Amino acid sequence: MAFDKFRARKMAKNVAGAGVRTVGDVVGLVFKALGTVVLLGLTTAAVFAIIVTFYISTTLEPQIDFSLEDFTVDLTSTILEKNHETGQFEEAVDIEAEQVRIWVPYDEINRHLIYAAIAFEDRRFYEHRGVDWWRTVAAFQTMFFGTDGDAFGASTITQQLIKNLTLQDEITVRRKILEIFRALEMERLYTKEEILEWYLNIFALGGRIHGVGAAANFYYGVDQSELTIAQAASIVGITQFPTRYNPYLNPDLNQRKRDTVLAAMYAQGFITHAQYLEAIAESVVDNLARIDGTVFEIPLYTFYEETIIRDLIQAFQEEPHNLSLEAARRMVYYGGLRIYSAMDHRIQDVIDHAFQDWSTIAVPRGVQASIVIMNHRTGHIYGMGGRIGEKTDNMVFNMATQARRPPGSAIKPISVFGPALEYGVIRPQDMYEDAPIILNGRQWPRNATGTWTHERQNITRALALSTNTVSVRIFDDLGAQRSYDFMTDTLHISLVPQDADRAPLALGQLTHGITVREITAAYAAFANNGIFTHPVTFYRVVDRHGNVLIDNTIGRQESAFRSEIAGQMTAMLLQAVNNGTGRSARISGFDVAGKTGTTTDHRDRYFSGYTPHLTASVWTGFEFNDGRITGANPAAAVFRDLMAAAHRAAELPPARFQNLPPLTGMTEGVQMIEVCVDSGLLATDACHAYIGGSRAERFIGEPEDAPTGLCNVHQMVSLCTITNLFPNETCTTHHRGISSGSSIGNCGENHQREEPEPTPEPSPEPSPEPSPEPTPVPTPTRTPPPVLPTPTPMPTPEPPPPPTPTPIPTPTRTPPPIGGASPNGTDVTPFPTYEVVPVTSGRDRRETRTPRKTA
């Protein structure tokens, strides 16, 4: 029994010892396991850290280096136009492409925009160094463990700026890690103010609108500095989802988001309670700049504005910029340039009114037209018309600057007469024979009249009457190559080698033609004392930092003619208007020098000319070159109407050319072409001596447009000088014109009785005639003008008179100095080549422009 107890105690003691040893072993095993796990974890962490470090150093580090200077931000360029009432330049139109952005420096940004962005997007912006770690940890927790929240909603303003600049927004861990490292680097390199400036100017705000500067103007029609607290919050609220929160498309949703932004601003102490209540009460819809919903439309540019864009792209490809075509386009569209237009709105308004449609311009319906008016001293193009009719699209074909049409005889002063005088080949008093040359076995060229006088003709008269034979003979003496070189090198007209020949340069039948802009600049050299000035559409171009990139205060100038030659050409072209083919271009009160032009089959009609103030050219024709313009030259009529209105609009005083050299050849008067008003054919003696008064009138137009047949309506007969009836044997007769088929009776009176001698009156006043009988007149001996043929008479319908244009409005503007003015107000001194006659005041005026914001 005792033994059993002893064994039992011993066994219990052994069991208890074994139990103690088993627990210790287990605890040891646990600690060993934990140690192993920790060791494995540390080893894994070390390996992971090495891998991450290696990945960052080899893959991410090259991409972490981040500099704002490496990014070219698209900025909107703006065209400014001069208000001649205030003398200031005003913003007219933005050159808009894929993005519209107006950069605003930090110091000028509305403080409420800054407060709204910080309160809504990144309330710890001034505390962190690019990364908000609390939000970042929460975001990673959401991503890895699936808790509620936005895994990628932890971006700070710095990180959002990086995303907008790099355009990397894929949802990956790699992108988020790279963004974090870049944000840390950016905050090391840049101040908070610099980061905020970039952020507020970069982010998208709906469609093509980017940045607060463009958004304030687009949505609320004000400068961003003028935004209210509510408007600032409305704009910042758009950032999260621009389409959803666009105030035009979804004003209610935008207002809700705006209220959220306002609450955040109030909660963080950026605005007071009173400001919060006032802003909450403000309506989004009531303050919008537009209500038509046209949110993303590019503005409709005028022909002039499109020409500025094209000219700028070309200018940036030339010295000293030498940009490629694509780089030049980006500079113009996205460079944030300020472009000071050379357009004179007073003159452009005149052109715009006339070119509305065919009821407001003296051009036959269906015929197209274009015009360029420029200041010949500065080269500034004051206005242009690209085509008749409403402009409905951008970058359409401009007939004034892009269409190349042959100018006909309008080329003669710049390709033949001017260069020949300049090189001493001819003198104003020289005579040339109006006779054809033999070319390929035939007589050539044909004059517009269809014949030749075979008489020697003074060159002044030849130019005034547009005698083709004389032009060709002078051209032969000048030489084709010299004429070609003068046109291309001196007057900068684009030609092709095939143009170095008689027909193209002596008669104006160019292979590809000439633009209205080119021929206007060439004629302007005559008006500017022989100085050729490159025509320009803008005064100067300034970049976003205020640096002047291009200065066209006066266009680039070079000598084309000696001043005395320019004076001789002006005197000759003055005769061409006063006594030659350009008579319908005359303007009351102003001297006009110029030349008409008509091409083969009357497809194109030109007039180029100038007054002491302005130079202009007009083309009329058909867009597809598939018609004929008969009758009077409509280009000369358009020149007359629009130049007269332009001078009135700009208040340029009447003026005459002064100090012109005397000319020979026109003093005896040019042989006028006269037509019968009843038949429309060439007037005969019968038309002049018609019993009811002369039925002849001067033909206004070019000789080639004159009728060639003689009047077949009137005939000369002998009539009784007393009764104007067919005479008997006792009648004294005279010759008078009557209409064919007139029922005129026979005189039945006996006129052989003695006529009493008239009693002299003491008064010097003439005594009244005793009867209404006409006084006998000598029989005229008249023949048609010798320069015209006399074919068999045949009836030709009278051409319809040109349409009477609707009066062109005269916009009211303070006139610039005659020589033009630079954008900074410095007057450009005109050349003293003419006398200015004071103009009377009291003209009706009408305002046609809405003032824009002053630059």
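The values are calculated or read from the model by the stated rules, or taken from the named source; none is laboratory data. Keep in mind that what you see is a predicted model, and the values were worked out from it rather than measured. Counting neighbours? That spans all protein chains shown, and the Cβs are built from the backbone with ideal geometry, glycine included. Accessible surface is based on the protein model in full, side chains and every heavy atom, while ligands, DNA and RNA are left aside. Shrake-Rupley method; radii C 1.70, N 1.55, O 1.52, S 1.80 Å.
Couple of notes before you dig in:
- Residue in region 203-212 that is within 17 Å of Asn110 (Cβ to Cβ), in contact (Cβ under 8 Å) with a residue 60 or more places away in the chain and not in a helix (DSSP H, G or I) present: yes
Okay, residues lined up against (1) touching a helix residue (DSSP H, G or I) at 6+ places or on another chain (Cβ under 6 Å); (2) farther than 30 Å from Leu337 by Cα:
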position	(1), (2)
Gly546	no, no
Thr553	no, no
Ser563	no, yes
Ala566	yes, yes
Thr598	yes, yes
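- Screening Asp476, Asp489 for residues that are assigned to a helix (DSSP H, G or I) and more than 37 Å from the chain's Cα centre (by Cα) leaves exactly one candidate, Asp476.
- Strands (runs of 3 or more DSSP E) lying entirely in region 639-736 (those with 2 or more residues that are open to solvent by 20 Å² or more (accessible area, probe 1.4 Å), modelled with pLDDT of 85 or more and out of contact with any Lys or Arg (no Cβ under 6 Å at 6 or more places or on another chain)): 655-657, 714-720
- Of the criteria (1) modelled with pLDDT of 95 or more; (2) under 30 Å from Arg101 (Cβ atoms), which one Asn375 fails: (2)
- For Asp352, the criteria (1) part of a loop (DSSP other than H, G, I, E, B); (2) farther than 23 Å from Ile554 by Cβ hold in every case but one, which is (1).
- When the residues of region 74-116 are filtered to those that are of a type in the set (Asp, Glu) and more than 30 Å from Asn394 (Cα to Cα), the one that is surrounded by the fewest Cβ atoms within 10 Å (Cβ to Cβ) is Asp107.
- Lone qualifier among Glu326, Glu305 - being surrounded by fewer than 12 Cβ atoms within 10 Å (Cβ to Cβ) and either without any contact (Cβ under 8 Å) to a residue 12 or more places away in the chain or part of a helix (DSSP H, G or I) (or both): Glu326
- Lone unmet requirement of (1) farther than 19 Å from Met384 by Cα; (2) surrounded by fewer than 24 Cβ atoms within 10 Å (Cβ to Cβ) for Glu623: (1)
- Considered as a group, the residues in region 522-552 that are open to solvent by 40 Å² or more (accessible area, probe 1.4 Å), in a loop (DSSP other than H, G, I, E, B) and in contact (Cβ under 8 Å) with a residue 12 or more places away in the chain include one that is farthest from Asn375 (Cα to Cα), and that residue is Arg544.
- Matching entry among Asn447, Asn458 (being buried (at least 16 other Cβ atoms within 10 Å of the Cβ), polar (S, T, N, Q), closer than 18 Å to Ala571 by Cβ and touching a Ser or Thr at 6+ places or on another chain (Cβ under 8 Å)): Asn458
- Within region 554-577, residues that are among the basic types (Lys, Arg) have Cβ atoms under 9 Å from residues that are surrounded by 24 or more Cβ atoms within 10 Å (Cβ to Cβ) and assigned to a helix (DSSP H, G or I) in these pairs: Arg562/Leu421, counting only partners at least 6 apart in sequence or on another chain.
- The residue of region 206-259 that is farthest from Asn287 (Cα to Cα), among those that are among the acidic types (Asp, Glu) and touching a Gly at 6+ places or on another chain (Cβ under 9 Å), is Asp259.
- Looking only at region 477-521, and only at residues there that are among the acidic types (Asp, Glu) and touching a residue at least 24 places away in the same chain (Cβ under 8 Å), the one that is surrounded by the fewest Cβ atoms within 10 Å (Cβ to Cβ): Asp477
- Condition check for Ala230: among the aliphatic types (A, V, I, L, M) and open to solvent by less than 60 Å² (accessible area, probe 1.4 Å): yes
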